[in-house]
Amino acid sequence: VKIRLAQVLGVAIGLIAVLAMTLAVFGLPIWSSMALLAEGAFGDRFGVARTLVKATPLALVALGLSIAWRARMFNIGGEGQFIAGGLCGATFAKFMEGLPPVWLGAGVLSACLTGGALYGGLAGWLYVRRGVDVVISTILLNFVALQLLGWAVAGPLRAKPDGLPLTGPLPQGAMLPRLDPQSDLHVGIICAAAAAVVVYLFLFRTVGGYRMRLVGEAPKAARLAGVAAGRSQIAAMLASGGLCGLAAAIEYLGLAGQLGTSFAQGWGFLGIPVALIGFLHPLVVPLSALYFGALFAGSENLARFTPAGTTIVFVVQGVAVLALVAARSLTRKGRAGIKEPA
Amino acid sequence: MDFLLVLQFAAPVALAALGETVGQRSGVLNIGLEGKMLAGAFFAVLATLTTGSPWAGLMAGTVAGTALSALSALFCVRLRADQVVVGLAVNLLAIGLTGTLYRARFGQSGELLSVPRIPSISGLDPVLVLLLVAVPATWWWLGRTSGGLALRASGEYPMAAEAAGFSVERLRYLGLMVSGTAAGLAGAYLSLGVAGSFAENMTAGRGFVAIALVTFGRWSPPWVFFAALLIGYLDSLQYTLQGLGNAVPFQLLVALPYVVALAVLVGAGRSRGAPAALGTSYRREGG
């Protein structure tokens, strides 16, 4: 499906309109609130850094989910895959403590990626081989991952036996390099941009990517063309989970440095609307991630002066997704009521 | 362990799961359950504080769930939008709406509100009685009446339901409304009956737990109820075990039902229990 520039612009204008409406509904002055949001998101180098740092996990998770959803695998287990990635990374860090810091960092990164990929791939495998619905299995797997995280950071991975439920911090040398020594801005944003390009090239310029899209958009045609749908679907879930694991790696190595019970912070869930509003398109998704990254960063500033805060971003996300869905349903009248990837 | 206490712990999730069973049997997967519970919890507290009566609160919470269901139904049934997408959007909407309204109305301090609870006679209150009655009633209605049969047909093989003269659209409206209304009541009971207060995002995933329970209980009301009791028991056990330090890894215990639910699904595949047309939208021929 070709995305036209006009569509992207339409959504961009729509998103601003939804934001203005949301502010108005909650009785906030529109212009001054928007100014507060903009100031928090782009006002100074720290604002820009906050925006980019928040856009990074959103973009990576949303890119991953886009791959799965395009292959008609309704992966809502981004949160679980994110956690599984982080857990594998922390386990690696615990047992390979003696490695030189740079190698430790690289190992943690690969472990996170692998953990996320396998956790996503598990849901894919369960669907293809055992017919377990992906929506249900990923919901269940989210719970399992969350409890495993709680257990691991309180038990086997805990740094000090009587300390807080946290894993030991990584050495400074293992962390991702900072782009700006004064703010939190790290190279993760470059990884996310590179990932977007790679996912784009894969989905639209390789046979494997074409097969995934075919399986998602026209399963019958795929079957007639002899495409092994199951393999494409499992591969899509592996890639999807891998990107969620990468998002976890970048949170871990870029900011947190250690794991606690609230490591995932909901990125796995918040990436879903980002992916949907980005048309599940790898070159539009980063824009969507930047918009919501800026909103999350800006809303922290808004919260200092008004009763509204981060929660207002959720409203914008919810309304925007519903509006997009409605627009699409209304313009698609007359076609067969098949379930579409978005 | 006191049975009534476990029942009380289990009731919010049990109510939501029971409603969701009816919804899923009609063919709609209501991912928005979490948001509907949260809206129920918030508006229940708001109405209770405004009127001073927890009964008005229960009512308001239930209506909030019903209202959000009407929104979901409009999108899922009318516009035939994807049920998962709509459900997730409803969740975001509810989290954002309740969080913002809560802070606007009750200040940014995040102080715990205390509301009058639902009166009970030796631990048994009307909502619990309703739950205990609803389990066999739902089971009987789904399995033994023509209305229940039609509803199940709309989830199994919508074309057959339509051919028999039923409107799949209407049956699915019904399924969604039942599941959302039950979720609203469940949320109201969570804030008024169990917690006695409201906190931001207080449902903390219980809506998703309820969806998982429907699967765990194989789409059968009594089994779903027993599954909810098990979760309620583990939930209450958690606090006891936490007091003992980390001697027992209670997180693993809590994870167990989800692993078992997955294992059950792996064993049964898509063949048994799950409504065949679950999660797919239906378009009448020529419609």
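The values are calculated or read from the model by the stated rules, or taken from the named source; none is laboratory data. Source: prediction; values computed, not measured. Neighbour counts are summed over all protein chains in view; Cβ atoms, including those assigned to glycine, are modelled from backbone coordinates with ideal geometry.
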Taking the range A:120-144 and keeping residues aliphatic (A, V, I, L, M) and more than 9 Å from chain B (Cβ to nearest Cβ) leaves A:Leu122, A:Ala123, A:Val128, A:Val134
Log entry, pairs with first residue in the range B:124-140 being in contact (Cβ under 8 Å) with a residue 40 or more places away in the chain, second being of a type outside the set (A, V, I, L, M) and not in a helix (DSSP H, G or I), beta carbons closer than 8 Å, six or more apart or on different chains, reads B:Asp125/B:Pro119; B:Leu128/B:Ser120; B:Trp139/B:Ser220
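So which helices (runs of 4 or more DSSP H) are wholly in the range B:1-120 and hold at least 1 residues that are crowded, with 24+ Cβ neighbours inside 10 Å and among the acidic types (Asp, Glu)?
B:3-25, B:33-51
Restricting to the range A:205-225, count the residues that are without any contact (Cβ under 8 Å) to a residue 12 or more places away in the chain, surrounded by 13 or more Cβ atoms within 10 Å (Cβ to Cβ) and part of a helix (DSSP H, G or I).
Of the range A:205-225, the ones without any contact (Cβ under 8 Å) to a residue 12 or more places away in the chain are A:205-207, A:209-210, A:218, A:220-225.
Going one step further and asking which of them are surrounded by 13 or more Cβ atoms within 10 Å (Cβ to Cβ), we end up with A:209-210, A:218, A:222-223.
Applying the additional criterion that residues be part of a helix (DSSP H, G or I) yields A:209-210, A:222-223.
Summing the residues that are without any contact (Cβ under 8 Å) to a residue 12 or more places away in the chain, surrounded by 13 or more Cβ atoms within 10 Å (Cβ to Cβ) and part of a helix (DSSP H, G or I) in the range A:205-225 gives 4.
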In the range A:67-106, anything aliphatic (A, V, I, L, M), in a helix (DSSP H, G or I) and in contact (Cβ under 8 Å) with a residue 60 or more places away in the chain is listed as A:Ile67, A:Ala68, A:Ile83, A:Ala84, A:Leu87, A:Ala90, A:Ala93, A:Val102, A:Leu104
For A:Phe269, the lone unmet condition from (1) under 12 Å from the mean Cα position of the chain (by Cα); (2) modelled with pLDDT of 95 or more is (2)
Within the range B:46-60, does at least one residue satisfy the condition of being over 14 Å from B:Leu176 (Cα atoms), modelled with pLDDT of 95 or more and under 14 Å from the mean Cα position of the chain (by Cα)? no
Scanning the range A:296-312 for residues that are under 18 Å from A:Gly271 (Cα atoms) and facing chain B (nearest Cβ under 7 Å), the one surrounded by the most Cβ atoms within 10 Å (Cβ to Cβ) turns out to be A:Ile312
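Give the residue that is nearest to the other protein chains (Cβ to nearest Cβ), with candidates limited to residues of the range B:209-224 that are touching a residue at least 60 places away in the same chain (Cβ under 8 Å) and over 12 Å from B:Ala14 (Cα atoms).
Initial filter on the range B:209-224 (touching a residue at least 60 places away in the same chain (Cβ under 8 Å)): B:209-211, B:213-214, B:217, B:219-222, B:224.
If we keep only those that are over 12 Å from B:Ala14 (Cα atoms) as well, we get B:219-220.
Numbers: B:Trp219: 12, B:Ser220: 16 Å.
Out of the qualifying residues, it is B:Trp219.
So, restricting to helices (runs of 4 or more DSSP H) that lie completely within the range B:173-287, which ones have at least 2 residues that are at pLDDT below 85 and more than 16 Å from the chain's Cα centre (by Cα)?
B:221-243, B:250-268
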| message | Scan the range A:153-170 and tell me whether some residue there is closer than 30 Å to B:Gln83 by Cα and within 8 Å of another protein chain (Cβ to nearest Cβ). | response | no
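Given A:Val11, A:Val53, which one is in contact with a strand residue (DSSP E or B) (Cβ under 9 Å, 6 or more places away or on another chain) and away from every other protein chain (no Cβ under 14 Å)?
Details: A:Val11 fails: in contact with a strand residue (DSSP E or B) (Cβ under 9 Å, 6 or more places away or on another chain).
Sole residue among the options that is in contact with a strand residue (DSSP E or B) (Cβ under 9 Å, 6 or more places away or on another chain) and away from every other protein chain (no Cβ under 14 Å): A:Val53.
So, B:Ala204, is that one within 13 Å of chain A (Cβ to nearest Cβ), among the small types (Gly, Ala, Ser) and touching a Gly at 6+ places or on another chain (Cβ under 8 Å) or not? First the steps, then the outcome.
Working: within 13 Å of chain A (Cβ to nearest Cβ): yes; among the small types (Gly, Ala, Ser): yes; touching a Gly at 6+ places or on another chain (Cβ under 8 Å): no.
No, not satisfied.
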When restricted to A:Gly241, A:Gly245, A:Gly293, the only residue away from every other protein chain (no Cβ under 14 Å), over 21 Å from B:Glu200 (Cα atoms), surrounded by 24 or more Cβ atoms within 10 Å (Cβ to Cβ) and touching a Lys or Arg at 6+ places or on another chain (Cβ under 7 Å) is A:Gly293
The correct count of residues that are within 19 Å of the chain's Cα centre (by Cα), buried (at least 20 other Cβ atoms within 10 Å of the Cβ) and hydrophobic (A, V, I, L, M, F, W, C) in the range A:115-135 is 5
A:Leu246 - would you say it is at pLDDT below 95, closer than 30 Å to A:Phe42 by Cβ and in a helix (DSSP H, G or I)? no
Going through (1) away from chain B (no Cβ under 14 Å); (2) touching a residue at least 12 places away in the same chain (Cβ under 8 Å); (3) in a helix (DSSP H, G or I) one by one, A:Leu148 fails only at (1)
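For A:Leu276, indicate whether it is of a type in the set (A, V, I, L, M, F, W, C), touching a residue at least 12 places away in the same chain (Cβ under 8 Å) and within 11 Å of chain B (Cβ to nearest Cβ).
Values: of a type in the set (A, V, I, L, M, F, W, C): yes; touching a residue at least 12 places away in the same chain (Cβ under 8 Å): yes; within 11 Å of chain B (Cβ to nearest Cβ): yes.
Criteria met by A:Leu276.
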For the range B:76-100, pairs from a residue that is within 25 Å of A:Met73 (Cα to Cα) and touching a residue at least 60 places away in the same chain (Cβ under 8 Å) to a residue that is β-branched (Val, Ile, Thr) and buried (at least 24 other Cβ atoms within 10 Å of the Cβ), with Cβ under 8 Å and 6 or more apart or across chains, are B:Cys76/B:Val28; B:Cys76/B:Val86; B:Val77/B:Val28; B:Gln83/B:Val28; B:Gln83/B:Ile31; B:Val84/A:Ile76; B:Val84/B:Ile31; B:Asn91/B:Ile31
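Within the group A:Thr331, A:Thr306, which residue is without any contact (Cβ under 8 Å) to a residue 12 or more places away in the chain and out of contact with any Gly (no Cβ under 7 Å at 6 or more places or on another chain)?
Numbers: A:Thr306 fails: without any contact (Cβ under 8 Å) to a residue 12 or more places away in the chain.
Going through A:Thr331, A:Thr306 in turn, just one is without any contact (Cβ under 8 Å) to a residue 12 or more places away in the chain and out of contact with any Gly (no Cβ under 7 Å at 6 or more places or on another chain): A:Thr331.
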Flagged in the range B:126-144 as under 19 Å from the mean Cα position of the chain (by Cα) and of a type outside the set (A, V, I, L, M), in numbering order, are B:Pro126, B:Pro136, B:Thr138, B:Trp139, B:Trp141
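When you look at A:Thr138, is it of a type in the set (Ser, Thr, Tyr), closer than 30 Å to B:Pro275 by Cα and touching a residue at least 40 places away in the same chain (Cβ under 8 Å), yes or no? Give the derivation first.
On the way: of a type in the set (Ser, Thr, Tyr): yes; closer than 30 Å to B:Pro275 by Cα: yes; touching a residue at least 40 places away in the same chain (Cβ under 8 Å): yes.
Against the criterion (of a type in the set (Ser, Thr, Tyr), closer than 30 Å to B:Pro275 by Cα and touching a residue at least 40 places away in the same chain (Cβ under 8 Å)), A:Thr138 qualifies.
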